[in-house]
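A.B. asks: Dropping the structure in here first, questions after.
The values are calculated or read from the model by the stated rules, or taken from the named source; none is laboratory data. This one's a predicted model, so the numbers in the text were calculated from it and none came from an experiment. In this analysis, Cβ positions are derived from the backbone assuming ideal geometry, glycine residues included, and neighbour counts consider all displayed protein chains. To get the accessible areas, we keep the full protein, side chains included, count just its heavy atoms, and leave off ligands, DNA and RNA. Shrake-Rupley method; radii C 1.70, N 1.55, O 1.52, S 1.80 Å.
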Amino acid sequence: MKLGLIINPLAGIGGAVGLKGSDGEQIVHEAFERGAKERANPRAKEVFKLIKEDNKNFEQIEILSAPGIMGSDILDELDIKHEIVGKIGEKTSAEDTTRIAKEIIDRGVDLLIFAGGDGTARDIYDAAGSTQACLGIPAGTKMHSSVFAYTPSSAALVVDRFLAGDGYEMVLREVMDLNEEAYRKEIIDTKLYGYLNVPYVINLMQASKNPFSRGENNDIESICQYVVDSMEEDTLYLKGTGSTVLPVMNILGLDGSMLGVDAIYNKEQVGKDIYEKNILDLLDKYDKAKIIITIIGGQGYLFGRGNQQFSPEILRRVGKENIIVIATKTKLKTIDGPLRVDTGDAKLDEELSGYYRIITDYDYYTVKKVQ
């Protein structure tokens, strides 16, 4: 069995610092200026650590990897034998991903594993088309595509099934991509880019993100009105991302951001489109805080997709009991199975599991489990 590995080392770095993506040299520079932390390499390392531990015949698996920070560095850290394919310069690019993916595929790998987001999936598709078996490790900001496993541990389990030759089926799954420049202007411009051939295992692979339905407007307004009417005094409210929660700001007559995190205190705005550092500063200032979020339709995520501004430190400080979840009944119907979190901190993911009351109308709740 022969596996390939490619990591986009810049994937996801713009999420926690509120830049809504990582495409472009200027965005990367600004992300690091804001204190962005590497996301893709630690996640890929977790996957290969688990694969190594779970497979008795791991030494017999041949691994072809992109060089340095695009793959081989984490394999060296794990003391995993591999062969380096291709070359990279001091800075990496989408062109490197596509070029090296083609070189690895030409060497006849059974499964090409990549770590990144929707942009990386697009680059892999450019190299692999719809015939080569591929699997995505989720490490980006948005990840609308259905070629990714739910979490790094889920990705490891999918690879285990693939190596065993049982418990999965090869399925063509959507590669979706979002125009990041438009996204930063709060315009959602998503398109289907193509299909990758993915080893699909139910409950381990994420679905495509369901688009917002205009018919839900009245329900959303009712839900958000209830949230506003229920706001407590002397409490910091951190409004999350998405069109479902934006009406909270509109009802209050405040200038909100649809795709960013906004802050409210005593129904006055104290922050717009803020990121991790800004939020931590506010938590130092105010004693009580609550987070208002929605669920990603079709995928069922509370955290880890498009709202990485809520870092593990922030979520621990606010506390599970202070997380307000809102969603229309229509959105809940798009989700098969439990809700999910993918914060990048396995212990925190476990702490955030359990049952949540989802506000689905004015003073009306539905109970859903987070797994």
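A.B. asks: Let me make sure I get this right: for the chain, a, b and c are the square roots of the gyration tensor eigenvalues over alpha carbons, sorted descending. Under 1.5 in a/c it's rounded, otherwise prolate if a/b > b/c, else oblate. Which is it?
C.D. replies: On the way: a/c = 1.97, a/b = 1.74, b/c = 1.13.
Prolate.
A.B. asks: Residue-wise, which Karplus ³J(HN,Hα) couplings in Hz belong to region 348-356, taking 6.51 cos²θ - 1.76 cosθ + 1.60, θ = phi - 60°, and x for glycine or proline?
C.D. replies: For region 348-356, the Karplus-derived couplings read 5, 4, 5, 5, 7, 6, x, 9, 10 Hz, x marking Gly and Pro.
A.B. asks: Under 1.5 on a/c is rounded, so check that first for region 205-326, then, if it is not, pick prolate when a/b is larger than b/c and oblate when it is not; a ≥ b ≥ c are the square roots of the alpha carbon gyration tensor eigenvalues. Provide the component values of the computation, followed by the final result.
C.D. replies: Values: a/c = 1.82, a/b = 1.21, b/c = 1.50.
Cα axes put region 205-326 in the oblate bin.
A.B. asks: Using a basic spin-label model with each label point 7 Å from the Cα along Cα→Cβ, how many nm lie between Lys2 and Arg317?
C.D. replies: Those two pseudo-labels are separated by 5.0 nm.
A.B. asks: Among the lysines, which fall within straight-line cross-link reach of Lys56, defined as a Cα-Cα distance under 25 Å, with same-chain neighbours fewer than 8 residues apart omitted?
C.D. replies: Here the lysines satisfying the reach criterion relative to Lys56 are Lys2, Lys45, Lys81.
A.B. asks: Would you list which aspartates and glutamates come within 20 Å of Lys267, measuring only between C-alpha atoms, while excluding same-chain residues fewer than 8 positions from it?
C.D. replies: Glu221, Asp229, Glu232, Glu233, Asp234, Asp255, Asp281, Asp284, Asp287, Asp363
A.B. asks: Quick one: pull the percent of accessible area on region 253-371 belonging to carbon and sulfur, 1.4 Å probe, ligands and nucleic acids left out. Could the numbers behind the result be given before it?
C.D. replies: Details: 2330 of 5110 Å².
Exposed carbon and sulfur together represent 46 percent of the surface.
A.B. asks: With a cut-off of 17 Å, note down the residues of region 43-77 whose backbone N falls inside the zone around a label point 7 Å from the Cα of Asp106 toward its beta carbon.
C.D. replies: In region 43-77, the label zone of Asp106 (backbone N under 17 Å from the point 7 Å along Cα→Cβ) covers 64-67.
A.B. asks: What size of dipole, in debye to the nearest 20, comes out for region 246-371 about its Cα centre when the only charges are +1 on Lys and Arg C-beta atoms and -1 on Asp and Glu C-beta atoms?
C.D. replies: Numbers: 18 positive and 18 negative charges, 79 e Å.
Value, rounded to 20: 380 debye.
A.B. asks: Same structure again: Restricting to bridges with both residues inside the chain, how much of the DSSP beta-bridge set is antiparallel, in percent to the nearest 5? Can you show the working numbers first?
C.D. replies: Values: 26 of 57 bridges.
Looking only at bridges with both residues in the chain, the antiparallel portion is about 45 percent.
A.B. asks: Also: Under a crude label model (7 Å from the Cα following the beta-carbon direction), how far is Asn57 from Asp287 in nanometres?
C.D. replies: Reported label-point gap for Asn57 and Asp287 is 6.3 nm.
A.B. asks: Same structure again: If we count GluC sites (Glu not before Pro) as exposed when they sit in a DSSP loop and have at most 10 other beta carbons within 10 Å, what is the longest stretch of the chain that avoids them all? Working shown, then result.
C.D. replies: On the way: sites that count: Glu90, Glu232, Glu233.
It works out to 91-231.
A.B. asks: Of Val325, Leu280, Ile291, which is farthest along the charge dipole of region 220-365 in the positive direction, counting Lys and Arg as +1 and Asp and Glu as -1 at C-beta?
C.D. replies: Val325
A.B. asks: Something else now. Could you give the dipole magnitude of the chain about its Cα centre, charging the beta-carbon of Lys and Arg +1 and that of Asp and Glu -1, in debye to the nearest 20? Don't skip to the answer; put the middle values down first.
C.D. replies: On the way: 44 positive and 58 negative charges, 114 e Å.
So the magnitude is around 540 debye.
A.B. asks: Taking a ≥ b ≥ c as the square roots of the Cα gyration tensor eigenvalues, with a/c under 1.5 meaning rounded and otherwise prolate when a/b beats b/c, else oblate, which class fits region 90-160? Spell out each step's value before the answer.
C.D. replies: Working: a/c = 1.74, a/b = 1.18, b/c = 1.48.
Since a/c reaches 1.5 but b/c is at least a/b, the shape of region 90-160 is classed as oblate.
A.B. asks: What are the membrane-span-like helices in the chain by this rule: whole DSSP H runs, Cα extent along the axis at least 20 Å, mean Kyte-Doolittle hydropathy at least 0.5?
C.D. replies: Numbers: long enough: 40-54 (21 Å, -0.86).
For the chain, where a helix must reach 20 Å along its axis and average at least 0.5, there are no hits.
A.B. asks: At 7 Å along the Cα-to-beta-carbon direction for both Lys347 and Val367, put a label point, then send me their distance in nm to one decimal.
C.D. replies: If labels sit at Lys347 and Val367, their model points lie 2.9 nm apart.
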